[in-house]
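Below is one structure; the comments refer to it alone.
FYI, it's all coordinate maths here, none of it is from the lab. Please read these numbers as outputs of a predicted model, since none were measured by experiment. Heads up, the Cβs are rebuilt from the backbone with ideal geometry, glycines too, and the neighbour counts pull from every protein chain shown.
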Amino acid sequence: MATLLAGKTAIILGVANKWSIAYAIAESYRREGARVILTYQGERQKGTVEDLAKDLGADRVLNCDVTKPEELAALVEALSNEKLDIVVHSIAFANREDLSRPFIETSRDGFLLAHEVSAYSLISVSNALAPLMAHGGSILTLTYLGAVRVIPNYNVMGVAKAALEASVRYLASDLGAKNIRVNAISAGPIKTASARGIKDFSKVLDGVAAVAPLQRNTDPAEVGDTAVFLGSDLGRGVTGNVIYVDAGFQIMGLQAPE
């Protein structure tokens, strides 16, 4: 049995269902011997995440809405006897209407909401949980190519992801002295529940598979395995980076004519 993460404890925020990227990361972590803790947001998600935890063999399931300081404080209290090695932040949200209309028409409230949930939450989670990583460790978040390039119908989420990626760099600088590494994985488009909120997402999948050097879309397990690398001692020298796991799509410019 592989044990790249043996003896390590990971908390994963953002597991929604078996098709979420966070679930794939949890699977890879469990395969490599990590002890896994999951969080859920509110009673509505509790039963689903508890069932997922059973399937994964996760140790604990805790409540936390990262937009509520009191719940983040309660999470820290619940983890007070834990020694965390890995924190996975897989949380993002934008109003559907702010994804479907032109970016220039983004509402103020929608802009602030997308940034609070999708970018600021990484800062608040890192600030809250870093003291529990007394021996150092790895903080990991999920981003997308829309942070650096215009992706149709991604709109305000792309701008929020740009803020997230900048936050990764600043957090890496702040936390490096504590031997805590902070990185992001920029995954290719994957059929998740949140992705279904993006208009014409199936066309994005088809377009990426046609252009990417590997001529296919991203497998969630590939993201999970990259997360293992970043969370393990193999990634001990990597911080402040965005690692692309997208079948090579991000290197392409124009598609060669047939």
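Across the options Asn179, Cys64, Gly235, the greatest Cα extent toward the positive end of the charge dipole of the range 9-247 (unit charges at beta carbon of Lys, Arg, Asp, Glu) belongs to Gly235.
Working note: Karplus 6.51/-1.76/1.60 with θ = phi - 60° gives the range 121-138 the couplings 4, 5, 5, 5, 5, 5, 4, 6, 9, 4, x, 8, 9, 4, 9, x, x, 9 Hz, where Gly and Pro are set to x.
So if we plug the beta-carbon distance of Glu116 and Lys54 into 1/(1 + (r/R0)^6) with R0 = 25 Å, what FRET efficiency do we get, rounded to 0.05?
Details: r = 31 Å, r/R0 = 1.26.
Calculated value: 0.20.
Based on the Cβ-Cβ distance of Ala78 and Asp233, what FRET efficiency does E = 1/(1 + (r/R0)^6) give at R0 = 22 Å, to the nearest 0.05? E between Ala78 and Asp233, to the nearest 0.05, is 0.20.
Other residues with beta-carbon under 13 Å from the beta-carbon of Glu222 carry, at +1 per Lys or Arg and -1 per Asp or Glu, a net charge of -3.
Computed over the Cα atoms of the range 40-118, pair by distinct pair, the Kirkwood hydrodynamic radius stands at 14.9 angstrom.
For the chain, the relative contact order comes to 19 percent (Cα pairs under 8 Å, sequence separation of at least 6). Listed by Cβ neighbour count within 10 Å, with the fewest neighbours leading, His89, His115 appear as His115, His89.
Measuring against 21 Å, Cα to Cα, the residue pairs Lys46/Lys68; Lys46/Lys161; Lys46/Lys83; Lys83/Lys161; Lys18/Lys54; Lys83/Lys178 contain Lys46/Lys161; Lys46/Lys83; Lys83/Lys161 as the ones spanning a longer distance.
Approximating the spin labels as points 7 Å out from Cα along Cα→Cβ, the Lys203-to-Leu62 distance works out to 4.4 nm. Using only helices, what value at 222 nm comes out for the chain when you add -39,500 (n - 2.57) per DSSP H run of length 4 or more and divide by the total residues, to the nearest 500 deg cm²/dmol? After summing the helix terms and dividing by the residues of the chain, the value is -12000 deg cm²/dmol. Placing a pseudo-label 7 Å from each Cα along the Cα-to-Cβ vector at Glu97 and Ala177 gives an inter-label distance of 4.6 nm.
Can you list which of the chymotrypsin sites (Phe, Trp or Tyr not before Pro) found in the range 62-140 are DSSP loop residues with at most 14 other C-beta atoms within 10 Å? Of the chymotrypsin sites (Phe, Trp or Tyr not before Pro), not one in the loops of the range 62-140 has a Cβ with at most 14 other Cβ atoms within 10 Å. Defining a contact as two alpha carbons under 8 Å apart and six or more residues distant in sequence, what relative contact order in percent does the range 90-181 show? Across the range 90-181, relative contact order equals 36 percent. Distant-in-sequence amide contacts of Val15, defined by a placed amide H-H separation under 5 Å and a gap of 5 or more residues or a different chain, comprise Thr39. Taking Cα atoms only, the orientation of helix 201-211 departs from the longest principal axis of the chain by about 80 degrees. Once the convex hull of all Cα atoms in the range 9-247 is built, its volume per residue stands at 119 Å³.
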